[in-house]
Amino acid sequence: MSRIRTQRVAEQMKKEIAALLRTEVKDPRLGFATVTRVELANDLQHAKVFVSVLGDDQAKKQTLDVLSRTAGYLRGEISRRLHMRLAPELVFKLDESGAYSAHIEAVLKQLHDQRAPAEKEHPTDVAVPRGAEGEDGKP
């Protein structure tokens, strides 16, 4: 099957699952979950649904449990809404990319803050006025 079609179906599945979670699933244990991406197999039989959950580890575990329990219902609704003869098997996975990005950002900010005072004491970039270069093009 065409990779473009697979990507289009995955994107539409992402939108439909997000809408279903927002409007149809009424379980109070379902935390603040956002569907970040869907990876769909080329044969459209298996789908990994990546979900970002706001909260502590217990809230994340509860949300994944609720999602795995409602996978059958979601699979049927996806089949009806997307007019698919066979709906893919849904596997929900926790997406930690947001937390990882925040960690990398904090490390970079810390390195920048440590380096800033050293640069003020010993500037490394010295501006050379135009035309002050020698014959070999070096200052």
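The values are calculated or read from the model by the stated rules, or taken from the named source; none is laboratory data. Everything quoted here is computed from the prediction, not taken from an experiment. When we count neighbours, we look across all protein chains shown, and the Cβ atoms used for this are built from the backbone with ideal geometry, even at glycine.
Table for the structure above
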quantity	calculated
Sole exception among (1) modelled with pLDDT of 90 or more; (2) assigned to a loop (DSSP other than H, G, I, E, B); (3) surrounded by 14 or more Cβ atoms within 10 Å (Cβ to Cβ) for residue 30, by number	(1)
For residue 62: the one exception among (1) modelled with pLDDT of 90 or more; (2) more than 22 Å from the chain's Cα centre (by Cα); (3) farther than 24 Å from residue 5 by Cα	(2)
The lone exception for residue 70 - which of (1) more than 27 Å from residue 101 (Cβ to Cβ); (2) exposed (fewer than 15 other Cβ atoms within 10 Å of the Cβ) it fails	(2)
Top-ranked residue of the stretch 74-106 - restricted to ones that are of a type in the set (Gly, Ala, Ser), farther than 14 Å from residue 37 by Cβ and surrounded by 12 or more Cβ atoms within 10 Å (Cβ to Cβ), ranked as modelled with the highest pLDDT	79
Contacts under 6 angstrom Cβ, first residue in the stretch 58-73 being within 12 Å of residue 33 (Cα to Cα) and of a type in the set (Lys, Arg), partner at pLDDT below 90 and not in a helix (DSSP H, G or I), 6 or more apart	60/53
Residue within the stretch 24-47 that is of a type in the set (D, E, K, R) and in contact with a strand residue (DSSP E or B) (Cβ under 7 Å, 6 or more places away or on another chain) present	yes
Single condition residue 113 does not satisfy, out of (1) within 25 Å of residue 3 (Cβ to Cβ); (2) out of contact with any strand residue (DSSP E or B) (no Cβ under 8 Å at 6 or more places or on another chain); (3) among the charged types (D, E, K, R)	(1)
Scan of the stretch 74-115 for residues that are in a helix (DSSP H, G or I) and touching a residue at least 24 places away in the same chain (Cβ under 8 Å), ordered by number	74, 77, 78, 81, 97, 98
